[in-house]
Amino acid sequence: MAWTNTVSTDTTLSILILAAGFIGTGIAAGFLAGLLGVGGGIIMVPALFHLLATPGIDDSIRMHMAVGTSLAVIIPTALSSSWSHHRRHAIDTDLLKTWAPGIVAGSVLAGIIAASVKGYVLTAVFSVTALLVALHMAFGPSGSSFTSRMPGTLGQLCLGTLIGTLATLMGIGGATLSVPAMTAFSIPIHRAVATASALGLAIGIPGAVGFAMAGTDTPGRPPWSLGYISLPGALVLAPLSACFAPWGARVSHTVKPHRLRQVFALFLFVTSLRMLWNLKS
């Protein structure tokens, strides 16, 4: 896999802009993830998408870089979170074993897709799915279930593959998609959240590897990139988001969570529409 360490002649300015943006994004992603109980990727990807609109970075690969970098950050985050849930025996291991193969298959498939599609495809996938998530957060009943039984093994494999593909193409850990899916089949919310944290590894690892390989030798990337992963970005985002998530969680106990989710849904809705609008320009 090829590394890149050159951009245009104003490299220094681009690096300073990116560094400041990475710091701000890491703080915001961690704090809002803890505050709202959502994955940091749903915040990081649109922030990185706009941040990477700096001189020397090819516009056509901005979304690839945003998604790939977010996937790399997911790995240590999911590892820490899943270990914490594992120590509390909160992970449904049977469900994990059933869903994980489909999740991994979907993540690998997404890596293959990413190597051959244009950036606007990834932007469209993220924006449309995020719009649906925003509508669900704003108007959907929290933790509602539609049936008391899980689908059969084949059904769970197909569902896991779909979630893994979408989550990887979006650059998110999957909890935003998998938790509502689990609770729809009457899995208790706390067990669904814990299991989703472990599934994040099944998305992050193959997804990050796939995006790193897909971006090999692609021109116009930021300095010190590994494929479609900005290594400085990942190294800054991961610890900052991990540090500020507990702060957000503490603040969440002092405000009404329902109102917060509606505000975030509005933010996500507007952000997604803006990204879709960019596709026209």
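The values are calculated or read from the model by the stated rules, or taken from the named source; none is laboratory data. A quick note: this is a predicted structure, and the numbers were derived from the prediction, not measured. In this analysis, Cβ positions are derived from the backbone assuming ideal geometry, glycine residues included, and neighbour counts consider all displayed protein chains. Just so you know, the surface numbers come from the protein's heavy atoms only, side chains and all, with ligands and any DNA or RNA stripped out. Shrake-Rupley method; radii C 1.70, N 1.55, O 1.52, S 1.80 Å.
Applying the selection to the range 105-118, what residues are open to solvent by 60 Å² or more (accessible area, probe 1.4 Å) and within 13 Å of Pro206 (Cβ to Cβ)? Give the derivation first.
So the first thing to find is which residues in the range 105-118 are open to solvent by 60 Å² or more (accessible area, probe 1.4 Å), and the list is 108-109, 112, 115-116, 118.
Scanning the range 105-118 gives Val108, Leu109, Ile112.
Using the structure shown, decide if Ser116 is of a type in the set (Ser, Thr, Tyr) and not in a loop (DSSP other than H, G, I, E, B). Outline the logic, then answer.
On the way: of a type in the set (Ser, Thr, Tyr): yes; not in a loop (DSSP other than H, G, I, E, B): no.
Against the criterion (of a type in the set (Ser, Thr, Tyr) and not in a loop (DSSP other than H, G, I, E, B)), Ser116 does not qualify.
Tell me, yes or no, whether the range 245-255 has at least one residue that is within 16 Å of the chain's Cα centre (by Cα), touching a residue at least 12 places away in the same chain (Cβ under 8 Å) and either over 22 Å from Met170 (Cα atoms) or in a helix (DSSP H, G or I) (or both).
Of the residues in the range 245-255, the ones within 16 Å of the chain's Cα centre (by Cα) are 245.
Applying the additional criterion that residues be touching a residue at least 12 places away in the same chain (Cβ under 8 Å) yields 245.
Now drop any that are not either over 22 Å from Met170 (Cα atoms) or in a helix (DSSP H, G or I) (or both), which leaves 245.
The answer is yes; a qualifying residue exists.
Could you grab me the full set of residues in the range 202-234 that are farther than 22 Å from Asp58 by Cα, surrounded by fewer than 24 Cβ atoms within 10 Å (Cβ to Cβ) and out of contact with any Ser or Thr (no Cβ under 7 Å at 6 or more places or on another chain)?
Step one: filter the range 202-234 for residues farther than 22 Å from Asp58 by Cα, giving 202-206.
With the extra rule that they be surrounded by fewer than 24 Cβ atoms within 10 Å (Cβ to Cβ), the set shrinks to 205-206.
If the condition is that a residue be farther than 22 Å from Asp58 by Cα, surrounded by fewer than 24 Cβ atoms within 10 Å (Cβ to Cβ) and out of contact with any Ser or Thr (no Cβ under 7 Å at 6 or more places or on another chain), then Ile205 is the only one that fits.
Which residue pairs have Cβ atoms under 8 Å apart, sit 6 or more places apart or on different chains, and have a first residue in the range 44-66 that is on the phi > 0 side of the Ramachandran plot and a second that is among the hydroxyl-bearing types (Ser, Thr, Tyr) and open to solvent by less than 10 Å² (accessible area, probe 1.4 Å)?
Matching pairs, first to second residue: Gly56/Ser14.
Which condition does Val179 not pass, out of (1) free of Cβ contacts under 8 Å to residues at least 40 places away in the same chain; (2) over 19 Å from Ala29 (Cβ atoms), if it passes all the others?
If we test Val179 against (1) free of Cβ contacts under 8 Å to residues at least 40 places away in the same chain; (2) over 19 Å from Ala29 (Cβ atoms), just (2) comes out false.
Check off (1) farther than 29 Å from Ser225 by Cβ; (2) surrounded by 24 or more Cβ atoms within 10 Å (Cβ to Cβ); (3) of a type outside the set (D, E, K, R) for Met170 and give me the number that stays unchecked.
Condition not satisfied by Met170: (1).
Looking at (1) open to solvent by 40 Å² or more (accessible area, probe 1.4 Å); (2) of a type outside the set (Asp, Glu); (3) modelled with pLDDT under 90, find the lone condition where Ala78 falls short.
Exception for Ala78: condition (1).
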